[in-house]
Amino acid sequence: MRHAIVFCIIIGLSVLSGCSKAQEQSNRNENLSTGKNVLIVYLSRTSNTKAIAQIIHKNAGGTMAALELETPYPENYQATVQQVADENATGFLPPLKTKIDSIEKYDVVFIGFPTWGMQLPPPMKSFLHQYDLSGKKVIPFNTNGGYGIGSSFQTVKELCPNSEVLDGFTVKGGSERDGILLAITGDKEKKAETEVIKWLRKIKILQ
Ligand SMILES: Cc1cc2nc3c(=O)[nH]c(=O)nc-3n(C[C@H](O)[C@H](O)[C@H](O)COP(=O)(O)O)c2cc1C
């Protein structure tokens, strides 16, 4: 009887240690898939781009940073559209409240943003002017109201001349103009995750 108990304990312990080894292995594999230090910077007013940022984070790991301004945009949609149009016309770069510590330690920087006025939103222009991403992999992702990326991905390339800018990801998000705020939720969120994973494999961030 005592032998039987000892035998069971030994079997139990070896199963447990097997599990923890498998866990370590899978964590190591996750890190191996990029082998790099990942930063995910995103701008999101109504949380659609944030939903994609969270999916990327869940699958590729890394540090998330939401871009916030020293002076936030107005609550009112039309007032924001007007302010963004003025900023784009004058080249004004709104000062950022968000500070990224030690940007140099990151090798891979995902940058997420909605399309605003068919352009890269001014806060993301501020970010790319303020931080030097030379030598890093820069990976854009976008949500939009149904009109696509406009010139945003091209502007990312222009503002990161010494980075390797990989193929970006885009998906339809909300349409604040029509009262649709967060749209990437439920089934749409699940579908978006499938598409994000496919894209991360294509650009070799995931195996
Ligand atoms: C100021 C402003 C301008 C926008 N301009 C466009 C546009 O030019 N084209 C488009 O497809 N969607 C446009 N949209 C819609 C957003 O791109 C879309 O709702 C996006 O999913 C919002 O992302 P977020 O929830 O992360 O803020 C605009 C939204 C705002 C607030």
Margin query: Being near the ligand (Cβ under 9 Å from one of its atoms), at negative phi and out of contact with any Lys or Arg (no Cβ under 7 Å at 6 or more places or on another chain): is that true of Ile205 here?
Written below: no
Note to self: So, in segment 160-184, exactly how many residues are crowded, with 16+ Cβ neighbours inside 10 Å and in a loop (DSSP other than H, G, I, E, B)?
What the structure shows: 8
Notebook entry, point to check: From the residues in segment 82-99 that are outside any loop (DSSP other than H, G, I, E, B) and surrounded by 15 or more Cβ atoms within 10 Å (Cβ to Cβ), which one is farthest from the ligand (Cβ to nearest atom)?
Noted result: Leu96
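Table: residues versus (1) assigned by TED's automatic domain parsing to the domain that holds Asn142; (2) exposed (fewer than 13 other Cβ atoms within 10 Å of the Cβ); (3) modelled with pLDDT under 95.
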| residue | (1), (2), (3) |
| --- | --- |
| Val15 | no, yes, yes |
| Lys21 | no, yes, yes |
| Ile55 | yes, no, no |
| Lys58 | yes, yes, no |
| Thr63 | yes, no, no |
| Glu70 | yes, yes, no |
Notebook entry, point to check: When you look at Lys125, is it more than 15 Å from the chain's Cα centre (by Cα), within 23 Å of Asp167 (Cβ to Cβ) and without any contact (Cβ under 8 Å) to a residue 40 or more places away in the chain, yes or no?
Noted result: yes
Next item on the list: Give the number of residues within segment 131-159 that are buried (at least 22 other Cβ atoms within 10 Å of the Cβ) and assigned to a helix (DSSP H, G or I).
Entry: 2
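The values are calculated or read from the model by the stated rules, or taken from the named source; none is laboratory data. Bear in mind the structure is a predicted one, so any value in this text is a computation, not a measurement. Cβ coordinates were reconstructed from backbone atoms using ideal geometry, including for glycine residues, and neighbour counts include every protein chain displayed.
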